[in-house]
Each structure stands twice: as structure tokens, then as C-alpha cells.
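Here's the structure we're looking at; comments come further down.
The values are calculated or read from the model by the stated rules, or taken from the named source; none is laboratory data. In this text the structure is predicted, and so the values were computed from the model without any measurement. Here the Cβ is made from the backbone with ideal geometry for all residues, glycine too, and neighbour counts use every protein chain on show. These area figures cover heavy atoms from the full protein model, side chains too; ligands, DNA and RNA do not enter into them. Shrake-Rupley method; radii C 1.70, N 1.55, O 1.52, S 1.80 Å.
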Amino acid sequence: MAISYDAADGVARITINRPQVLNALDPATYTELTEAFERIERDPEILVGIVTGAGEKAFTAGADLKLMHTGAADPGEWAPWRQDRWDFGATTSKPLIAAINGYALAGGLELALVCDIRIASPNAVFGTPEVKWNLLHGFGAYQLPRIISLSHAMEMLLTGEFIDAATAERIGLVSRVVPADELQAEADRLARVIAGNGPMAVRMTKELVRNGLSASPPEHFRLMREYYSRIDATADQAEGLQAFADKRRPRYRDDARPADARPADG
């Protein structure tokens, strides 16, 4: 297997496990990543996903260019517009955290950009070197200007130069840099904090942010009202408000049914 998948206490961890080639993405890895994201989406027990790379040298250095150009793989397998190959997790409703250790380059950076939160170790390196090889950093050209400033995005995309973790934090590409030996623990901590919140509210917040980026103000407020009404009707919202009044931790069930429809034994 090109990746490992572990789940516990509402958190799934996807680890790209090809450290001998800097966790480069070959067709099998793309397929397994897509399947792992679909698994997170389908599993009602999973509330948050973490994506990382095995070893200390790379999150992932991107597509396996040596394999791509040996003729060993069908060129169609690399097409970035293939939905079954490139979706990665862009449509996953549950929050995704990237724990970036080492190189996050080309397709590896695009994978990190799919995630909602990115944290990094001090040895992390980010780059979009595709232009050096007359290739396109396709998804990054869409996503980078939505995360960092247009000027910073264009500098990365057009020069192909790499930036270090400190620069990535300064320009907002990652939310924080933590010591390498604390990276995975910090990703776990963030995931468990999120997993302890109202599951539907978390998903609706992610959806509102993602949809709101391209929405007009009236459309954004329309979406906000729609999502409010959907959350307001749930038993979990009633539980959250009751827990606040009782000064205790909520016991969420991720149940979209109204409070008066909850089973009596629940």
C-alpha cells in the first residue's frame, strides 16, 4: 500500500508511505488517496482527517516525474482533470489538517492546499516548480491566490522558487510552525478540538467558508440563513444550548433529527 489509514476517536490519519522516494505520488498513490478521502466522507464515525507523510524529509515531493516519463504508466493516468484522480478531498465536507514535514512541492503542495488547516515543522519546504519543466501547477493556480496574497502567489507560481516554513507562516500559507517532534501531536490536538465541537456546525462552517469565497454578499447571507435553519432544527443544537446552560461538555450525536424526534433512550 502506498498510504496507511488509521482511525480512532473520530479522527482519521492518512500517511503517504513512500519515504524512499520522498513520498512521491504515483498513480497508485493518487488512487489510494482518493479512496481514503471517500472513506472519511462516508464514515459517520470520522469527524476530522489528518494528512501527512512518512519520514522526516517529505510531506510529498509531488508527482513521480521519473515514472511519469518512463512510459511505464499510461499518460492518461496523470491527467489532473480526472475527477477520480484529482478530487483528492476538495469536496470532502469534513475538516482536513495537513501536517507538513519536509518537502511539499508541486502536486504535494496542491494536496496540502486541499486541506483546511496547514501546520508545518521548521524543515518544511514549499514550492511550485512546474514552470521549470514546462508544466502547469493547475490546482495551485486556482487555490493559492485564495489563501495568500495575489503577489505572493504569482511569485511562487511564476518563479518556481521554493520557500521555507518561516516564510510560509509569514505569508499565511501555513497557520503555524511547530518543532518537528511536536508536529504530529499538534495535528492530533487540533483534530480532537475540532472533533469535540458540534459536527454539523463544523461541516456547515466549512461549507459556508468554501462557498462564500466566490459568493456575492447577498448570496453569502442567503447561504448563512439556509445553514442556520438546518442547524437550528437539530437535536445537537438543543444539546449544545442545554450543555451551555448546565455548564457541562455537550454530548453530540451528529443527529440531524429535531430534538423531539430523538429516541427516548438517547
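Residue-by-condition table, conditions (1) polar (S, T, N, Q); (2) within 30 Å of VAL125 (Cβ to Cβ); (3) open to solvent by less than 50 Å² (accessible area, probe 1.4 Å):
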position: ALA168; (1), (2), (3): no, yes, yes
position: ASP181; (1), (2), (3): no, yes, no
position: GLU186; (1), (2), (3): no, yes, yes
position: ALA201; (1), (2), (3): no, no, yes
position: THR205; (1), (2), (3): yes, no, no
position: ASN211; (1), (2), (3): yes, no, no
position: ALA215; (1), (2), (3): no, no, yes
position: ARG225; (1), (2), (3): no, no, no
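Picking from residues in the stretch 13-33 that are closer than 21 Å to ALA187 by Cα and among the polar types (S, T, N, Q), the one that is most open to solvent (accessible area, probe 1.4 Å) is ASN17. Within the stretch 130-149, not a single residue is within 20 Å of the chain's Cα centre (by Cα), among the hydroxyl-bearing types (Ser, Thr, Tyr) and crowded, with 20+ Cβ neighbours inside 10 Å. Evaluating ASP236 against the criteria (1) within 27 Å of ILE14 (Cα to Cα); (2) in contact with a helix residue (DSSP H, G or I) (Cβ under 8 Å, 6 or more places away or on another chain); (3) in a helix (DSSP H, G or I) leaves one unmet condition, (1). Taking the numbered list (1) outside any helix (DSSP H, G or I); (2) modelled with pLDDT of 80 or more; (3) under 18 Å from the mean Cα position of the chain (by Cα); (4) not charged (D, E, K, R) in turn, GLY55 passes all entries but (3).
Restricting the stretch 127-144 to residues that are within 25 Å of GLU186 (Cβ to Cβ) and touching a Ser or Thr at 6+ places or on another chain (Cβ under 8 Å), the residue that is modelled with the highest pLDDT is LEU144.
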